[in-house]
Every structure is written in structure tokens, then in C-alpha cells.
Amino acid sequence: MSRGSENTDDVPPKWMSFRSLLVFSMILRVFLIVYGEWQDAHMEVRYTDVDYIVFSDAASLMASGESPYKRTTYRYSPLLALLLTPNSFFHRSFGKFLFSASDLLVGWFIHTILKERKVPEKICTYSVMVWLFNPFTFTIGTRGNCEPLVCAMILWIIISLMQGNLSQAAFWYGLVVHFRVYPIIYALPIILVLDSKIFRSGQKPPLENWNTGQTKTPTSNTEKKTFLFNLFTALKSLFSRERIMFGLISGGVFLACNAVSFYFYGHEFLHEALLYHLTRTDPRHNFSIYFYHIYLHYEGQFSAVEKLISFLPQFTVQFALVSCFWQDLVFCIFLQTVAFVAFNKVITAQYFVWFYCLLPLILPWSRMKLKWEGLLCIILWIGAQTHWLLWGYMLEFKGLNVFLQLWVAGLLFLAANTFVLVKIIQRHRFSPLFTRYESSSPKHVKKLH
Amino acid sequence: MASQRRRSLLTLIFICCAISSASSDQVRTSYGDSDQIRSLCISDRFIMESYFTTSHTSLDDSEFRNFLLLQQCSSEHDPTSIVPATSLIQHRNVTGEGSHRNLLTSIKLLPFYSESKLHELVILERLPLGVFADPFELQSLQQRRVFSDVSVFGDTNLELPSFRSNRSVVEIHVEVSPSDYENGEISLKLPLHARYQPLDDSGYSRVEFGEPDLFLCSSHEQRRCLVLSIGRSKTETRSVFWDIPAGIRGHTEYVSALTFAAAVLSAISILVASVLSSKVESCKNSKQS
């Protein structure tokens, strides 16, 4: 991304203003929802995602007083079925409008976060376009997938932290972990970043801006010590007031949501909405490198050692990323999400949205140019996916035994993910989310100058 | 008078039997040892509705016949119990490619049945272990009036592989009009999906289809059904099968080893890149401050 000072080059043309982008995106999504209804009625292949039909059925079951888990393959929180109850009495596309609205909200949040960190208008606009005009993004909401809701919640948590609103961040964090289990991986970096030297609840924490990093003033550099020392000081002050508050509020919200759901729907809720996601081993083909291994062993049982071994790479990578990058919170959670998806036992395309919504937030700090490094990363990543999809087509629609080739395609996809991750790490301009408070301690004052 | 009628009816049956036994291989006797089952009297909408709730577990021929025996009508409700023993399945085939195919069956109804005042043809497809029917897909077919009624009983889990699932049965109801007797054939297309198969060294697992069970039923609530044909799980005459890709056992060791090696290698790459990047940043700091 080019360096910029405040000149007219940084101001995008009027037609590209954020407001007009948002309006255009809204029109596009409305059009796609209407088109989707037409395609469902007139063509063999439906536009609407199968999952949306599952949600709607579960919602109508809930509306008539029954358990949404009576609907097979409904594996979400009862909250989702509750949100979609208007599908039964208002219009069946209500859910799609809700998800597309969340999708637009994510665009708005991205813009807000970048503006808070004083990113120049032009770069801000390009970053927002990476989300709003990503074909994957606008199809996922309009097809009826609920991931945009989760993305909106995650970004709102980041905004709340940036504004010093601890209890709100904790509330939404507890809710989002109840909704979708995966955000639990963000717990450690969030807790680490709530260091009382850099974050005090009730006050807006000082943010490290885009500019300060660009011009490399000594002020900002005093924050970057070796990662080991950072980790040590962080662990020492583990039980600060803010951290305890965050833990209690988010834990409380999470438990309360689960308790209410369990009260209404019992063990079915526990198995389908929570335990299923923790123990899911699907032998059916998917992008994960583990699928063939799981299928070949499915007739037997996995020993505890085998389960542990398969979890080790995931755990190691998560721990390494958090240790090295927790201060740059947004970058950290972006890397964690990409790695989590890549090393997971099951990978489906909808998981990609989890990091697509975070990508625009790290792009302004990347030294990677679109030509040719950026393009190479995009081509490799999409190419590896397409290669896998071709073999998947041969298996599912031509009935050929290509399990081995599919598995190799999965290995190549992991290689592509690793390459892109490593490149992004190498080209990132490390920038902590919060700067330290100009505290009264003389030691700190000395170091600032 | 009554005895004369009975004699002529018996003659008719004899002739029909003679014809059937002399015909081509497409025609065969429907049932040998179960010729006691002629008609059923059921109170449910579907014949199979009470099957799995009355402690039946498998769908094999003997258990299924026992179930039908229990559903039999008592003799005073059974005036048209004589059924000519001719095969009604004209054609049976699995069409399509890949994991999603269609089971095509065409059935010929004899004009004799049009006098029975039973207007609903009920077909029971006892599916073999390796395939399943999607209840939601079938419901949408019903909404499009392809079938008048359809339901799946048994194991309807769409996700488990075949060695972790049980069989299922699809009950299809088709309205029969007088024109169907004239035109000759009723065609059925049942969409089916493959489960993940048990491992096989050849790379494919063969799933064989038997014959469906056919009944002709009345449309009102206390249903009376005429047993037309009780199929066998494996047919003697025609072989309808589907070869589904299966994992190859021989791959197990090196797939597992290479999978873990790849995971470890990727993890190490990311770990090294992260640590190096942190070190570079801290070097920059120590130079500047």
C-alpha cells in the first residue's frame, strides 16, 4: 500500500465515496435476493443454500412451540432459529435480508475501525471494497448463510475494545462464542491485550494510528520489545481488574445463553449445537487434509494418542501466533483464523468468511504490493481451491474413485494457505492496536524520549 | 349359481397361472412361500408407519413378511383376495452418474385391477445399505405432484457412512386412473444418493437393488390393500446395481503418515516465520532507540 501524506491523491473520487459504495452494495444484494427467489422457482439448481432451508424449518418448528432440533442437521444456537421466526409469518426471505444487512454492517464497521486508526480515505475505501465487492461475500448473505452475523459481532467487539467499552465487548464475546464456538480462539489475545498499562476500562485507550507507524517515530517503537519479554510481563500481570471483568462478563453471558437453551431444549441442544462442533469428524470429502485419513480409519476407533497428535499442529500454530502478535490484535486474530481453518479437521467454504471480514483491517498495514506478490498469493490460493473442486466434481458427479487425488489436492491447499500466511507475516508492518498510556512512572517517561 | 361363478373364477386363475409360467424372463411368479398374504387392512396412512415402532429392526425378506402377515385382513373383509400371480415390473434401472442417481421402475397394471375400486398404487422400496433417499427432496417432489404421497422410514441420517447406518424404506403412493390401465405403464423415478461405502481394495463397492413391493390400496381412512407383489432383496433374473467409489484399504498407512507430515511441516513453517518476524521487529527497535 502506498505511503501517503494528506494530499488530494488520498481523497477518492466522489462516485467512490463510502456512502455511494454502501448504497450500490445494498442494491446489488437486494437484486441478488430477488434473483435467488426466481432461480429457486424456475431452475433445477437452487440459488438458496441448503443451510437456509434448515434454519427456516427449525425456525418454523420453534414458532409452533416445538424444538428446532427436531429438524435434522440443525446444529446452531436456538437464537438463530428465534431470529428467523419472521420467516414463517412474514416472508421466507426475511432471513436473507437480515444476513445481507449484517454483511453491509460489516462494511460499515470496517470503515469505522480504519477511520478510528486514521487510515487515509483512499486506502480506507479500497479496503472496504475488498469486503463489499468480494463475490464470495455478497453471495453468502444473499444465499442465506448466517456467517455475516458472526462477522458483524466480531468486528463490533473490536470497535468496543477500541472505544474502551469493556463490558460491551465482553457481552458480545460471550454471545458470539455461544453462537459459533470458533471465536474461543480469540480469548487469549484479547485477554493479553487488556493489560492495565495499555487498557483501562471506562477510558478510551490511545490507539496506534496508521500514520505513526508509517513515519516510524521513536515513540511508537518503544512498545516493541522482544516477544519473550512481552509474554513474560503479560503473564505477570495476568489477573488485572480488566481481565477479570472481561472473563466474568463473557463467561457469564456464555453460560447464561447455554443454560437458557438447555432449559428449553435439553440434551438435544448440547449435542447438536455444542458437542457436535467439538467432536466433529466427518469422513466425507472436504478441503481438509484429514478427510481421507478419517475415512480410512472410520470403521475402527481413534485412540486418544491419535486424537492428540492430530490436534498438536493446530495448537502449536495458535500458540505461536498469539505469542508473537498479540499486541497487534487485529492482525493476530486474522492469522489465527486463517490457521485455524487451514488446520481444522473439516473445512467448508463458508469458513472462509471468518477471515475475509478481517482481511480489510490488515491490508493498510501490509507492505505487499498487488503486483506481483499480492496477485501471486491470490492466484495460488484460488488455484489450489479450484484444483480441489475439480477432483471433487469427478468424485461426486462422475462417480470416479479419485480419493487419493482429492487428498493430494487438500495437501496442496494447505501448502497454499501456509505460503500465503507466511508471506502476509513477512510483509506486515507490525502495529500494536493500543499504545501505552503516558503513565506517571518515570521509567516510562524516560523511554519515550 | 354361486358354485358356477366360483368354478369360472378358478378356471380364469388357472389360465392366468399357465400363461405366466410360460412367459419370458421379465415375468416371474411374485411369491412362492408367502402366497398366504393377499390383502392387508391398515389404519395408518402408510403401510410402513408402524414397522420400526413394533420392534422390527432390519428390512430383510423374512422379517418384512412376518410384518405383513400381522397386517392381514380377516377373511370376511376379503372378497377380492384372488390375485393372478404375474409380475408387474416391466423395467428397472439406475440412471445418472456420480453420487446422485435415479432408480427408474416401470410397472404394468393389468386391466383386471381396475374393477377392484382400489385407486392408489403403493410401492415399497426397501433400499439396500449403501444408499439413501433424502426426505426433503421427496417432499418437494410430492409438492410438485410427482407422487401423491411419499415418506421415508428407517435410518434417514444423511451424513453417516453405510457401515454406521441401517437400511431405510421409501413408501411411494401413486394415484392410478383408468387411463393408466389403458396406457399400460406407470413410470417412477426415485432420486437416491450414495453413502460413503466400506473400504474395498478394488476402489468401488457394489450396491445391488432388489425388487419393490407393490400394493393396490383404497384411498379412504381404513385402508384395504391388495398385495400385488412382494419383492425379493436379490433378484434372480435381472441385476440392478450401482458401483459407488470406496476408499482403498491399502492407502491407509501412507496417507496417515503423509497427512501428519504435511501438518507438521506447515506448522513449523508458520512458527519459524512468526518468530523471525518478531525478531526482525525487535532488531529494528534496538537500532533506533
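The values are calculated or read from the model by the stated rules, or taken from the named source; none is laboratory data. Just so it is clear, the structure is predicted and the values come from calculations on it, not from any experiment. Positions of Cβ are backbone-derived with ideal geometry, glycine not excepted, and every protein chain shown enters the neighbour counts. Ligands, DNA and RNA are stripped out before the accessible areas are found, and what is left, the full protein with its side chains, is counted by its heavy atoms. Shrake-Rupley method; radii C 1.70, N 1.55, O 1.52, S 1.80 Å.
Give the calculated FRET efficiency between A:ALA259 and B:LYS189 to the nearest 0.05, with a Förster radius of 41 Å applied to their Cβ-Cβ distance.
Numbers: r = 49 Å, r/R0 = 1.19.
Working from the Cβ atoms, E equals 0.25.
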Can you check what the net charge comes to around A:GLN350, using other residues whose Cβ is under 9 Å from the Cβ of A:GLN350 (Lys, Arg +1; Asp, Glu -1)? -3
Within segment A:26-54: backbone nitrogen closer than 16 Å to the B:LEU158 label point (7 Å, Cα to C-beta): A:45-54
Going by a 4.7 Å Cβ-Cβ cut-off, which cysteines of chain A have no partner at all? A:CYS124, A:CYS146, A:CYS257, A:CYS324, A:CYS332, A:CYS377
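Go ahead and estimate [θ] at 222 nm for chain A from helices alone: -39,500 (n - 2.57) per DSSP H run with n ≥ 4, summed, over the residue count, rounded to 500. Numbers along the way, then the final one.
Details: 23 runs with 287 residues, N = 449.
After summing the helix terms and dividing by the residues of chain A, the value is -20000 deg cm²/dmol.
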What residue among A:GLY107, A:GLY65, A:GLY164 has the largest mean-square fluctuation in a Gaussian network model of chain A, using Cα springs under 10 Å? A:GLY65
Quick shape check on segment A:267-408: root eigenvalues a ≥ b ≥ c of the Cα gyration tensor, a/c under 1.5 is rounded, otherwise prolate if a/b tops b/c, else oblate, and it reads oblate
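Averaged across A:315-326, how many Cβ atoms of other chains sit within 10 Å of each residue's Cβ atom? Spell out each step's value before the answer.
Numbers: counts 1, 6, 8, 2, 1, 9, 4, 1, 4, 9, 3, 0.
That works out to 4 on average.
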Sites A:LEU404 and B:ASN166 - FRET efficiency at Förster radius 35 Å, r taken between beta-carbons, to 0.05: 0.75
Cross-link list A:LYS369/A:LYS398; A:LYS96/A:LYS369; A:LYS122/A:LYS423; A:LYS118/A:LYS371; A:LYS115/A:LYS345: which exceed 31 angstrom alpha carbon to alpha carbon? A:LYS369/A:LYS398; A:LYS96/A:LYS369; A:LYS115/A:LYS345
Can you list which of the trypsin sites (Lys or Arg not before Pro) found in segment A:31-137 are DSSP loop residues with at most 15 other C-beta atoms within 10 Å? A:ARG46, A:LYS118
Got the relative contact order for segment B:160-249 handy, in percent, Cα pairs under 8 Å and 6 or more residues apart? 33 percent
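Pull out the extension gain between A:LEU312 and A:ARG284, defined as 0.36 nm times the separation in residues minus the alpha carbon to alpha carbon distance; nm, one decimal. Each step should come with its number before you reach the end.
Numbers: separation 28, 0.36 × 28 = 10.08 nm, distance 2.25 nm.
So the chain would gain 7.8 nm between A:LEU312 and A:ARG284.
Calculate the dipole size of segment A:241-382 relative to its Cα centre from +1 charges on Lys and Arg beta carbons and -1 charges on Asp and Glu beta carbons; express the result in debye to the nearest 20. Intermediate values should be presented prior to the final figure.
Working: 9 positive and 8 negative charges, 86 e Å.
For this selection, approximately 420 debye.
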Highest-MSF residue in chain A out of A:TRP381, A:TRP372, A:TRP172 [GNM, Cα springs under 10 Å]: A:TRP372
Tell me the label-point distance for the pair A:GLN39, B:GLU63, using the 7 Å Cα-to-Cβ offset, in nm and rounded to one decimal. 4.3 nm
Can you pull the percent of Cα pairs in segment A:48-140 with separation above 19 Å? 51 percent
When chain A is modelled as a GNM with alpha-carbon springs shorter than 10 Å, which of A:ARG143, A:ARG284, A:ARG243 fluctuates the most? A:ARG284
Remind me, relative contact order of chain A in percent, using alpha carbon pairs under 8 angstrom and six or more residues apart? 18 percent
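Below 8 Å between Cα atoms, with a sequence gap of 6+, how large is the relative contact order for segment A:129-179 in percent?
On the way: 25 pairs, mean separation 13.8, N = 51.
Relative contact order for segment A:129-179 comes out at 27 percent.
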Per-residue Cβ counts within 10 Å, from other chains only, averaged over A:390-396: what number is that? 2
I need the semi-axes of the equivalent ellipsoid of segment A:1-160: take the C-alpha gyration tensor, multiply each eigenvalue by 5, square-root it, list largest first in whole angstrom. 35, 18, 11
What does the average come to when, for each residue of peptide A:421-433, you count the partner chain Cβ atoms lying within 10 Å of its Cβ? 3
At a probe size of 1.4 Å, how large is the accessible area of A:HIS297, to the nearest 10 Å²? 50 Å²
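Taking a temperature of 37 °C and a viscosity of 0.692 mPa s, what whole-number D in µm²/s does Stokes-Einstein yield for segment A:259-336 with Rh from Kirkwood over alpha carbon pairs?
On the way: Rh = 15.5 Å.
Estimated via Stokes-Einstein, D reaches 212 µm²/s.
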When a/c reaches 1.5 or more, the comparison of a/b and b/c decides; with that in mind, is chain A rounded, prolate or oblate per its Cα gyration tensor? rounded
Cα-derived Rg to Rh of segment B:102-247, Kirkwood definition: 1.01
